[in-house]
Each structure stands twice: as C-alpha cells, then as structure tokens.
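Everything on this sheet refers to the single structure shown next.
The values are calculated or read from the model by the stated rules, or taken from the named source; none is laboratory data. Computed from a prediction, not measured in an experiment: that's the story for all the values here. Here the Cβ is made from the backbone with ideal geometry for all residues, glycine too, and neighbour counts use every protein chain on show.
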Amino acid sequence: MSSRHLTADSPWLLALLATLVALGPLSVDMYLPAMPAMRVALATDVGSVQLTLSAYLAGFAVFHLFCGPLADRYGRKPVITAGTLLFIAACVGCSLATTIDELLTYRFLQGIGACVGPTLARTITRDLFGPRRAARALSLIAMLMALAPAVAPSLGSLLMLLFPWRSIFVFLGLYGALILIVLHRYLGESLPVRQSLHPGTIARNYAVLLRSGRFMAVVVSSSFVYAGMMVYLASSGFVYIEMLQLPVKYFGPIFLTTVAGYIAGSAVSARLSSHLDSVRVLLIGTVVVAVASVSMAVAGTLFDTRVAALAIPMMLYTAGMGLTLPHAMGLALQPYPHMAGTASALLGFIQMAVSAVAGGLIGLFLHDSPQPMLLGILLLGLTGLALALLASRLHARARDIGQAQHNDPQEH
C-alpha cells in the first residue's frame, strides 16, 4: 500500500468514507425542492415525478446484487471507480433530459452508479475495522455523512433560485468527479481475500444469507425503518411546497430538523456501542422510530395545516433511524468477513428495493392530502419494530445454543 493511502488509524479515513457514502443522500435530497418545478417543466404529474426517486432507488437496489460479488472478486477500488464514472455520465444525461421518460432512464442509471459508494464504504469499514469496531466506525461515518443531507436541500433550493432545476444534476456530476480524484489518491485497496465470480459460488453465498433468519430479520427491519424516511423524502416537496404552501427558500431549513435528529441518533449510537450490545441498541432505535411514526400520524391528522406537526415527529423518527442503521449493518456483516461485499450488497438491495416500492406506492395516492404519506410511515415504522423484536429473539437463541455447545463436555 502506498504511504499516501489512509489507514484505519487515520481520522481522515472516516471522513473520506463519509464523502463516498454521501453520494447517495445527495442524489436524493438535492433535487427534492425541484420536484414541483420539474413536474411543470416536463408537463407531467406528481406520481410520475415521484417515480424519478423510485427509478433511482430501483437502479441503486438492483446493482447491489452485482456490486458486492464484483468487489469481492476484483477489489473495492476498481468497482468504486467504474460506478462513479457511470454516475457522472448519468448526471449529464439527467441535466439534458427533455421528457419524463428520459429522466426516469437516467435516474435509474444514476442509481446504479451511486450504489457503489454506500455499499463499498460499508464493506471497506468492515475490512479495516473488524467486526467489533465496525459498528462504532459506521456510527461516526453516519454522523459525518449527515452533513450531506443537512446542506443538500438548502443547496438545491439556492440553485433553484439562481439557475434552472437542471443545475442540480450538473452539481452532482461535479461532486462525483471530485470524489473520483480524491479516492484515487488517498484510498487503498482493502480486499482481504479474492472470492470466485463463478455463478454457483455467488448463488451459494446469497443462499447462505437468505437462509439466515438472524441476517434477514435485522436487514428487513432496518429496511422498513429506512423506507419510512424515504417515503417522507419522496413526498416532502409536494406536501410542504404545494399542499402547505411553504416557500421554496424555507424548504432547506425545515429539512434540517430531520438531519439534526439523524446526527443526534448517530452520536448516541456511537456512544452506546461501548456500553450495550448491538441487538439492544437496535431495539431502542426501532422503539423510538415506532413512537415517532405514531406521533406523526396523530399530529399530522389533528394539525394538518401546520408544518411543525410533520417536521418535529420526523426529527424523532430520524433520531431512531440514526440509532438503528449502524448497529443493524454491524450485526448483518459481523458473521461474514469472507464475503462482506456480498452481505453488504444484499443488505443494500433489500433496503433500497423496499424503499423504491414504498415510495412508488405512496406516490400513486398522494394528491391533495398528506394522509397517504402518514399512513405509509406508520405501517413501515411499526413493522420495523416487530421485525427488530424477532431479530432479538433469534440472536438470543443463537447465543444460547453457542453457550450450550461450549459447555457440553462432548464438545471438548
């Protein structure tokens, strides 16, 4: 490894990985305030514009299934490079799109390119920090990465005030190019052992993960929690700007409440990792999410013309999400150091697929009331808690079995 490459001992490594993870939220959050303007410019409807988010998430989800095995075979860095180049090209396509169908196509390709960032940043973290330190490192990355959604809506709103909505995609393309330059210079290859790309080997690896109740319960639980936030993001531009008549310039500051919640939750998550096991933190996080989703449904129904009735409960929701996601990722990847890329890829695929379906469905019913959004977030939050309880029981059972085998004299 070149001496200029950052190591796990360098505090700058987490910052570098956070900029890589930020590629995902920036691609979503920056264009949220532009959605109403895009609907007018492309002469389409609300549901079709919301599909641009679902198309992005679909591409993001699908390529996970290939991204992980490719990274386990050829290395993390070549796959990141290829994906980021595709992301840049898709940004150019989005900026030049003249119909909603063209935009949907380029957003799908943009999702494919963007998925390598968050997926392989998680994998590199697992490679370099090991199973026990990874949860804390992921929590710290989440705190740093939260700067992206903190500034993205405000930056998107600013670009909207100065330039046409297409400028947002130009900015994203330039960000991708800058990331490519920095990663090439400072990120080393972290792949410990190269895996086979034989279809049979890939299928067996995925089969191992899909048959693991512990893996699936944790992953699907965190996916429903994440999808609740994505439903909010997909709907927020129309709910705040069109239904509640919020001026575009205030959209960014309102959005900061969700980011503040996420930063706070991630900070607490990192601190709790030294005192509680990840299963316990996962449960705490999903309880907070469930309470927030119920509060949002009630407040949004009783005070349906007030921005605070939606923004404040969502701040609590994202705090719970900040607690949940890093420990869910750590629990999911911990048993699979030999195929961390594949495990991270399947986690990302399920997470984004659930979000794409949920966002698309809510978009079909979102017309002149926030109620479809509120109901969707409520169902997703409560289901996430139920699955976290199941994951807790499965981990406790596995721990008991392991202790019994250790104490069995026949095993010695």
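Quick one: count up the residues across the stretch 361-412 that are modelled with pLDDT under 85, surrounded by 19 or more Cβ atoms within 10 Å (Cβ to Cβ) and over 23 Å from M315 (Cβ atoms).
Qualifying residue count, the stretch 361-412: 2.
With touching a His at 6+ places or on another chain (Cβ under 6 Å) and buried (at least 18 other Cβ atoms within 10 Å of the Cβ) as the only criterion, which of S293, S269, S278 stands out?
Sole residue among the options that is touching a His at 6+ places or on another chain (Cβ under 6 Å) and buried (at least 18 other Cβ atoms within 10 Å of the Cβ): S278.
Kindly evaluate S167 against the criterion of being surrounded by fewer than 24 Cβ atoms within 10 Å (Cβ to Cβ), closer than 14 Å to T52 by Cβ, polar (S, T, N, Q) and at pLDDT 90 or above.
Numbers: surrounded by fewer than 24 Cβ atoms within 10 Å (Cβ to Cβ): yes; closer than 14 Å to T52 by Cβ: no; polar (S, T, N, Q): yes; at pLDDT 90 or above: yes.
No.
Within the stretch 60-101, track down each residue that is at pLDDT 85 or above and in contact with a Lys or Arg (Cβ under 7 Å, 6 or more places away or on another chain).
Across the stretch 60-101, the qualifying residues are C94, S95.
Taking interchain pairs and intrachain pairs at least six residues apart, which have beta carbon atoms under 7 angstrom, with the first residue in the stretch 41-54 and touching a residue at least 12 places away in the same chain (Cβ under 8 Å) and the second hydroxyl-bearing (S, T, Y)?
L42/T99
State whether the residues of the stretch 78-88 include one that is surrounded by fewer than 19 Cβ atoms within 10 Å (Cβ to Cβ) and closer than 21 Å to P337 by Cβ.
Within the stretch 78-88 (the criterion being surrounded by fewer than 19 Cβ atoms within 10 Å (Cβ to Cβ) and closer than 21 Å to P337 by Cβ), the answer is yes, since at least one residue qualifies.
So how many residues does the stretch 22-58 have that are crowded, with 24+ Cβ neighbours inside 10 Å, closer than 14 Å to F87 by Cα and of a type outside the set (A, V, I, L, M, F, W, C)?
Number of matching residues: 3.
Spot the failing condition for L387; the list is (1) more than 25 Å from L276 (Cα to Cα); (2) out of contact with any His (no Cβ under 7 Å at 6 or more places or on another chain); (3) in a helix (DSSP H, G or I); (4) in contact (Cβ under 8 Å) with a residue 60 or more places away in the chain, and only one is missed.
Only one criterion in (1) more than 25 Å from L276 (Cα to Cα); (2) out of contact with any His (no Cβ under 7 Å at 6 or more places or on another chain); (3) in a helix (DSSP H, G or I); (4) in contact (Cβ under 8 Å) with a residue 60 or more places away in the chain is unmet by L387, namely (1).
Within the stretch 293-321, which residues are under 13 Å from G261 (Cα atoms) and aromatic (F, W, Y)? Give the steps one after another, and end with the answer.
Taking the stretch 293-321 as the starting set, the residues that turn out to be under 13 Å from G261 (Cα atoms) are 311-321.
Y317, the sole residue that qualifies.
Please go through the stretch 229-282 and pick out each residue that is touching a Lys or Arg at 6+ places or on another chain (Cβ under 9 Å) and not in a helix (DSSP H, G or I).
Result: L244, S273, S274.
If the requirement is being buried (at least 24 other Cβ atoms within 10 Å of the Cβ), free of Cβ contacts under 8 Å to residues at least 60 places away in the same chain and assigned to a helix (DSSP H, G or I), which of these qualifies: L316, L323?
It is L323.
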